[in-house]
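S.K.: What follows is a structure written as structure tokens; I'll ask about it next.
The values are calculated or read from the model by the stated rules, or taken from the named source; none is laboratory data. It should be emphasised that the depicted structure is a prediction, and the values quoted were computed from it without experimental measurement. All Cβ positions, glycine included, derive from the backbone under ideal geometry; neighbour counts span all protein chains shown.
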Amino acid sequence: MCLLTLALDENRRFPLVIAANRDEFFARPASRLAWWTPEPGATQILGGRDLDAGGTWLGLTAEGRLAMLTNVRDPSRHDPSAPSRGRIVPEWLAARERVDRFWMRTALAGYNGFNLIAADFSLGECYWASNTGSHPLRLERGVYGISNAGLDTPWPKVLSLKSRTREAITQSGSVDELANRLFEALSDRQMPSDDELPETGVGLERERLLAPAFIRSPDQSYGTRCSTLIITERVNRHNVTHVLERSFASHGGVALLRRATLNHWPPRYNAGDAVPAVQGGVVSESEIDGVSATATVRRTRVRSLLRPEPKRRRGAPVSGSA
């Protein structure tokens, strides 16, 4: 995945909103949004799947874990023999350890540069980490953006997608409207000026190719393969999460839409409150540009998805593992 925004507890009605594009060579085989397991008996994952290396760029579990990954573009440090970074997402989703222990073994595993968003909503926690930095950073309420550099690096398409995500959340009166606005933002092919482009070591022509939110190479061999949305809506006193994926062929044409609706997800982080299994997680598919209607929200007393970070006692040391 090469571009994403994440809105955490930014809006009372839509406490979790994710909009993401995956850019890849069209010759690399992949399966679309579905429930799958890395191996028999393993934790079920909802997401797309890279059929070449067996991993994924974005996935979630019924138990409340979520992970998303982007590559860090740095050809000077690229190791062609490094393991596939797509393995990291299913490893986090299947893990039973906290993020600090997971990070200790992952950061030293020899991967090329990557960004990882790793959440465990059953604990009320969400982190960003990169093996180009040091320790994981605990994310709090806000809107975040990532492309092929660090968290919130101000590339034009990152700034634009963050801004449009904020606007879409504020201005949308339904899941349908929000989804359509976010898909429109992810399909933006606007090209920034050359002086706004980052310098990542791939040359000016390739920087231009990779600059828009939606990418398509002139020879149609590389580009945006799919756009994925995760939208959580508060309905009465529980969460309903919609996962939508539009997949694209190299030659264009009608985008294929897949959708799953998960009741009571993310789970509440209170001890004993977590729902052990998702209700209503069937994936549906259609060849349309819109999305179906959703329920109206009634205003109720609610709380955030993230557990408040404990206040540090005066004089107590600060943990270095975030």
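S.K.: Does Y222 meet the test of being aromatic (F, W, Y), modelled with pLDDT of 95 or more and in contact with a Phe, Trp or Tyr (Cβ under 8 Å, 6 or more places away or on another chain)?
M.R.: For Y222, the condition - aromatic (F, W, Y), modelled with pLDDT of 95 or more and in contact with a Phe, Trp or Tyr (Cβ under 8 Å, 6 or more places away or on another chain) - is met.
S.K.: Another question about this same structure. Give me the pairs: first residue in segment 118-142 and at pLDDT 95 or above, second residue among the basic types (K, R) and assigned to a strand (DSSP E or B), beta-carbon distance under 6 Å, and six or more apart or on different chains, which are they?
M.R.: Cβ pairs passing all conditions: D120/R65; Y127/R138.
S.K.: Looking only at residues in segment 23-38 that are touching a residue at least 24 places away in the same chain (Cβ under 8 Å) and outside any strand (DSSP E or B), which one is surrounded by the fewest Cβ atoms within 10 Å (Cβ to Cβ)?
M.R.: A27
S.K.: Quick one: what pairs do we get from segment 45-67, first residue over 17 Å from Y269 (Cα atoms) and touching a residue at least 24 places away in the same chain (Cβ under 8 Å), second among the polar types (S, T, N, Q) and surrounded by fewer than 22 Cβ atoms within 10 Å (Cβ to Cβ), C-beta under 6 Å, 6+ apart or different chains?
M.R.: Filtered contacts from segment 45-67: A53/S84; G55/S84.
The rows are residues; the columns are (1) touching a Phe, Trp or Tyr at 6+ places or on another chain (Cβ under 9 Å); (2) not charged (D, E, K, R).
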site: L66; (1), (2): yes, yes
site: T70; (1), (2): yes, yes
site: D74; (1), (2): no, no
site: R77; (1), (2): no, no
site: A82; (1), (2): yes, yes
site: P90; (1), (2): no, yes
site: E97; (1), (2): no, no
site: R101; (1), (2): no, no
site: A109; (1), (2): no, yes
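S.K.: When segment 198-242 is examined, which residues are found to be among the basic types (K, R) and in a loop (DSSP other than H, G, I, E, B)?
M.R.: The one that is among the basic types (K, R) and in a loop (DSSP other than H, G, I, E, B): R237.
S.K.: From L66, L51, which residue is crowded, with 21+ Cβ neighbours inside 10 Å, touching a Pro at 6+ places or on another chain (Cβ under 8 Å), more than 16 Å from S130 (Cβ to Cβ) and hydrophobic (A, V, I, L, M, F, W, C)?
M.R.: L66
S.K.: May I ask you to list the residues in segment 39-74 that are farther than 30 Å from E199 by Cβ and in a strand (DSSP E or B)?
M.R.: Answer for segment 39-74, where residues must be farther than 30 Å from E199 by Cβ and in a strand (DSSP E or B): I45, L46, G47, G48, R49, G59, L60, R65, L66.
S.K.: Tally time: how many residues in segment 149-197 are outside any helix (DSSP H, G or I), buried (at least 19 other Cβ atoms within 10 Å of the Cβ) and in contact with a helix residue (DSSP H, G or I) (Cβ under 7 Å, 6 or more places away or on another chain)?
M.R.: 1
S.K.: Quick check on G110: is it assigned to a loop (DSSP other than H, G, I, E, B), more than 23 Å from L8 (Cβ to Cβ) and at pLDDT below 95? It would help to see each step written out before you state the result.
M.R.: On the way: assigned to a loop (DSSP other than H, G, I, E, B): yes; more than 23 Å from L8 (Cβ to Cβ): yes; at pLDDT below 95: yes.
It is true that G110 is assigned to a loop (DSSP other than H, G, I, E, B), more than 23 Å from L8 (Cβ to Cβ) and at pLDDT below 95.
S.K.: Could I ask something else about it? Pairs please, first residue from segment 190-210 and closer than 14 Å to T153 by Cβ and free of Cβ contacts under 8 Å to residues at least 60 places away in the same chain, second anywhere and among the charged types (D, E, K, R) and in a helix (DSSP H, G or I), Cβ atoms under 6 Å, 6+ apart in sequence or on different chains.
M.R.: Listed pairs, sorted by first residue: L197/E207.
S.K.: A further question follows. Please work out if R77 is out of contact with any His (no Cβ under 6 Å at 6 or more places or on another chain) and within 29 Å of S304 (Cα to Cα).
M.R.: On the way: out of contact with any His (no Cβ under 6 Å at 6 or more places or on another chain): yes; within 29 Å of S304 (Cα to Cα): no.
No.
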